[in-house]
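The values are calculated or read from the model by the stated rules, or taken from the named source; none is laboratory data. Everything numeric here is computed off the predicted structure, so don't read it as measured data. Note that we place each Cβ from the backbone using ideal geometry, even for glycine, and neighbour counts take in every protein chain shown.
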Ligand code: NDP
Ligand code: MG
């Protein structure tokens, strides 16, 4: 690879900033990286700095107040500033770039990703929520438009790397590893009173607040099970979850002959992000390496499905199928937001999601419009409950 052009959704977040670190590394390796656009919800200070360094053609600011405030900022002359959903969709559709990096969090990533796929863009996605709600539709669109989605999520990147060269060989199962989050060794009675600060204290990964809470409830792993089902086209009974507190083995694949392949690394998102950008090539880096004499203890445990009710709810929602995962995701996004605003307790997250799932009348043959409608109604329902 000697050059690439990218658009980045959510450049100011944890994955977004790591993506820009990766781009600095690619440049050090004499790869020409052309950044067409960067987007943020409202971190205008950071996106200004990013614009000055990376000279994109466009930046998009979703928050209208922040957009207005930003108009007085000095930025590179070539960079145009946009806001509004319409302008975002035009941006991903029309601009001449090869690959869209989806580093935005949550359901909001869905519409721009779909528009990009329809224009035949390649997708590198960290965002799992869009695959949870619309995996089937996204897969059909990728096929119709002859393009591909490369996962950035570390477990899915691991599996993706393990199955290269195995086309046609039967996978007997995949094992998604999970750190177990901050409450792995706590009792239900202890996590009942967990504060926001307790839940945000992830032992191994430094990430945005939504996914960090998802890791504490283990909804993150539930969402990843659904994500894996769609990316790798697997039956649910072939997807296992194993607690691996050290987060060194990022996931494993067992083949029909009993052989198991795994991908390992220090917990650091730069490796899977760079791989998703440069695939199928690998580019040199100085990202942290494993020292097996230091990281010399790799242990495994079964997840406690009673304590981590969210993992159960996620398995059930995809087992039942139809639009249940749409409700699961919307209810979870709202419940996590309410928890982070100190409006509900930690264990209320799973209670609210369960209530929303119980109330749902699923559509089995759904279309994209159904997804938007069910997402909207579920959010409204949960906010009304509180
Ligand atoms: P962050 O919260 O750190 O960043 C989210 C980004 O999306 C920010 O740029 C944010 O802008 C932007 N954003 C948020 N809400 C909106 C909105 N309504 N409209 C437009 N832009 C918005 O999240 P992460 O980087 O942690 O996660 C991103 C995705 O990657 C998630 O789906 C997560 O599950 C997944 N992921 C993350 C990992 C990680 O290590 N962080 C690991 C594996 C997967 P602003 O800065 O203004 O808030
Ligand atoms: Mg992950």
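Per-structure values
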| quantity | calculated |
| --- | --- |
| Cβ pairs under 7 Å, 6+ apart, first in region 134-161 and touching a residue at least 24 places away in the same chain (Cβ under 8 Å) and on the phi > 0 side of the Ramachandran plot, second more than 16 Å from ligand 2 (Cβ to nearest atom) and not in a helix (DSSP H, G or I) | 146/120 |
| Inter-residue pairs, beta-carbon under 9 Å, first at positive phi and at pLDDT 95 or above and in region 202-225, second assigned to a helix (DSSP H, G or I) and more than 9 Å from ligand 2 (Cβ to nearest atom), 6+ apart | 218/309; 218/310; 218/311; 218/314 |
| Region 1-22 residues that are modelled with pLDDT under 95, paired with ones that are within 9 Å of ligand 1 (Cβ to nearest atom) (beta carbon under 9 Å, 6 or more apart) | none |
| Residue check, residue 116 in contact (Cβ under 8 Å) with a residue 12 or more places away in the chain and away from ligand 1 (no atom under 12 Å from the Cβ) | yes |
| Hey, residue 98 in contact with a strand residue (DSSP E or B) (Cβ under 9 Å, 6 or more places away or on another chain), farther than 24 Å from residue 332 by Cβ and surrounded by fewer than 23 Cβ atoms within 10 Å (Cβ to Cβ) or not | yes |
| Of all residues in region 207-259 being part of a loop (DSSP other than H, G, I, E, B) and touching a strand residue (DSSP E or B) at 6+ places or on another chain (Cβ under 6 Å), the one that is nearest to ligand 2 (Cβ to nearest atom) | 244 |
| Test result for residue 262, part of a loop (DSSP other than H, G, I, E, B), touching a helix residue (DSSP H, G or I) at 6+ places or on another chain (Cβ under 9 Å), in contact (Cβ under 8 Å) with a residue 60 or more places away in the chain and more than 16 Å from ligand 1 (Cβ to nearest atom) | no |
| Any helices (runs of 4 or more DSSP H) falling wholly within region 107-200 and containing at least 2 residues that are away from ligand 2 (no atom under 16 Å from the Cβ) and under 21 Å from residue 329 (Cβ atoms) | 110-118, 129-144, 196-200 |
